[in-house]
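Below: the structure, in structure tokens.
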């Protein structure tokens, strides 16, 4: 390093800084050890694609490898060191069929035919590294969602896929990610409400009472406060609901009341502020207009 970088500061008492470096050197050995540690938490599983019959290797996380750190109020679990959500989608690189691993092998023959007709001809293939990050996870969840939409899967499948996409965007600290999270939360809400009235329970391990709570929480997170109160109240007053879930619903009702009070204060402030008449252009869009914009 050039020892003249800090020259001239000696007279101010800094006579021992000539050895300092502006930039810290990255410890390549530590980075390699970290990568090797993560790889040791993974394993490959041989799968046979139910669409094209291709055998391929899917990367999965060892069940003993991940440790839950925190659970959000919409059931998103935050993990330490490695995130199993990143590896939740299995993808056949030959035909383009992708689905969450719990659904991957549950495919009707007519659905497989639809994928071969509408997905496979457009599929160009994609190679992924061994270690996935949040951006790879988002891409794979979107491929999964595209497959669910093309074969017209149950609303619950599309809703869960959208919910997990919202969770992935929650891990990214940016305004655009927050916008995408909200969009997918709204899509998840729509699907879970459809499933609540039209599908049999359990759904992805949730009974009807848990789904009631989740629908209420998704209403709260998307700003539908009145609807959220209705769903939370139903959880609290319905016989047979476990005490833990009722307590969670009560907590969210209290939080919701605070949010409503704050919203009213802000609305009053806005109503008192001077306004001007102006037109706001309306942009029409659909979920797929943003689907692959990360």
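The values are calculated or read from the model by the stated rules, or taken from the named source; none is laboratory data. Nothing here was measured: the structure is a model prediction, and the numbers come from that model. Here the Cβ positions follow ideal geometry from the backbone for every residue, glycine too, while neighbour counts run over all protein chains shown.
Of the residues that make up the stretch 200-215, is at least one part of a helix (DSSP H, G or I), without any contact (Cβ under 8 Å) to a residue 12 or more places away in the chain, more than 23 Å from the chain's Cα centre (by Cα) and surrounded by fewer than 18 Cβ atoms within 10 Å (Cβ to Cβ)? Talk me through it step by step, then tell me what you get.
Let us first name the residues in the stretch 200-215 that are part of a helix (DSSP H, G or I), namely 208-215.
Now restrict to residues that are without any contact (Cβ under 8 Å) to a residue 12 or more places away in the chain: none.
No, there is no match, as no residue in the stretch 200-215 is part of a helix (DSSP H, G or I), without any contact (Cβ under 8 Å) to a residue 12 or more places away in the chain, more than 23 Å from the chain's Cα centre (by Cα) and surrounded by fewer than 18 Cβ atoms within 10 Å (Cβ to Cβ).
Return yes or no: is residue 153 at pLDDT below 95 and either surrounded by 17 or more Cβ atoms within 10 Å (Cβ to Cβ) or farther than 30 Å from residue 182 by Cβ (or both)?
Working: at pLDDT below 95: no; either surrounded by 17 or more Cβ atoms within 10 Å (Cβ to Cβ) or farther than 30 Å from residue 182 by Cβ (or both): yes.
The answer is no for residue 153.
For residue 111, work out the one condition from (1) surrounded by fewer than 18 Cβ atoms within 10 Å (Cβ to Cβ); (2) over 16 Å from the mean Cα position of the chain (by Cα) it doesn't fulfil.
Going through (1) surrounded by fewer than 18 Cβ atoms within 10 Å (Cβ to Cβ); (2) over 16 Å from the mean Cα position of the chain (by Cα) one by one, residue 111 breaks only (1).
Go through 70, 62 for me and flag whichever is surrounded by fewer than 12 Cβ atoms within 10 Å (Cβ to Cβ), closer than 30 Å to residue 184 by Cα and at pLDDT 90 or above.
Details: 62 fails: surrounded by fewer than 12 Cβ atoms within 10 Å (Cβ to Cβ).
Sole residue among the options that is surrounded by fewer than 12 Cβ atoms within 10 Å (Cβ to Cβ), closer than 30 Å to residue 184 by Cα and at pLDDT 90 or above: 70.
So, in the stretch 129-149, of the ones that are without any contact (Cβ under 8 Å) to a residue 60 or more places away in the chain and over 21 Å from residue 50 (Cα atoms), which residue ends up surrounded by the most Cβ atoms within 10 Å (Cβ to Cβ)?
By that ranking, first place goes to 137.
If a residue counts only when it is under 24 Å from residue 169 (Cβ atoms), which strands (runs of 3 or more DSSP E) contained entirely in the stretch 25-139 have at least 2 such residues? Walk me through it before giving the result.
On the way: elements: 42-48, 55-61, 67-71, 77-80, 89-91, 98-100.
Because the criterion is at least 2 residues that are under 24 Å from residue 169 (Cβ atoms), the strands (runs of 3 or more DSSP E) in the stretch 25-139 that meet it are 55-61, 67-71, 77-80, 89-91, 98-100.
Which of the following residues is within 22 Å of residue 84 (Cα to Cα) and surrounded by fewer than 20 Cβ atoms within 10 Å (Cβ to Cβ): 166, 177? Talk me through it step by step, then tell me what you get.
Numbers: 166 fails: surrounded by fewer than 20 Cβ atoms within 10 Å (Cβ to Cβ).
Sole residue among the options that is within 22 Å of residue 84 (Cα to Cα) and surrounded by fewer than 20 Cβ atoms within 10 Å (Cβ to Cβ): 177.
State whether the residues of the stretch 227-241 include one that is surrounded by fewer than 11 Cβ atoms within 10 Å (Cβ to Cβ), modelled with pLDDT under 90, part of a helix (DSSP H, G or I) and more than 23 Å from the chain's Cα centre (by Cα).
Initially, the stretch 227-241 is screened for residues surrounded by fewer than 11 Cβ atoms within 10 Å (Cβ to Cβ), giving 237, 239-240.
Right, trim to modelled with pLDDT under 90 and you get none.
Scanning the stretch 227-241 turns up no residue that is surrounded by fewer than 11 Cβ atoms within 10 Å (Cβ to Cβ), modelled with pLDDT under 90, part of a helix (DSSP H, G or I) and more than 23 Å from the chain's Cα centre (by Cα).
If you check residue 42 against the conditions, is it touching a residue at least 60 places away in the same chain (Cβ under 8 Å), within 30 Å of residue 248 (Cβ to Cβ) and in contact with a helix residue (DSSP H, G or I) (Cβ under 8 Å, 6 or more places away or on another chain)? Let's see the steps before the verdict.
Details: touching a residue at least 60 places away in the same chain (Cβ under 8 Å): yes; within 30 Å of residue 248 (Cβ to Cβ): no; in contact with a helix residue (DSSP H, G or I) (Cβ under 8 Å, 6 or more places away or on another chain): yes.
So residue 42 fails the test.
Collect the residues in the stretch 170-199 that are in a helix (DSSP H, G or I) and without any contact (Cβ under 8 Å) to a residue 12 or more places away in the chain, keeping them in residue-number order. Steps first, please.
First, pick out the residues of the stretch 170-199 that are in a helix (DSSP H, G or I): 170, 175-198.
Correct list: 175, 176, 177, 178, 179, 197.
Residues are listed down the side, and each one gets a yes or a no for (1) touching a helix residue (DSSP H, G or I) at 6+ places or on another chain (Cβ under 9 Å); (2) closer than 18 Å to residue 162 by Cβ:
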| site | (1), (2) |
| --- | --- |
| 218 | yes, yes |
| 224 | yes, yes |
| 234 | yes, no |
| 239 | no, no |
| 255 | yes, no |
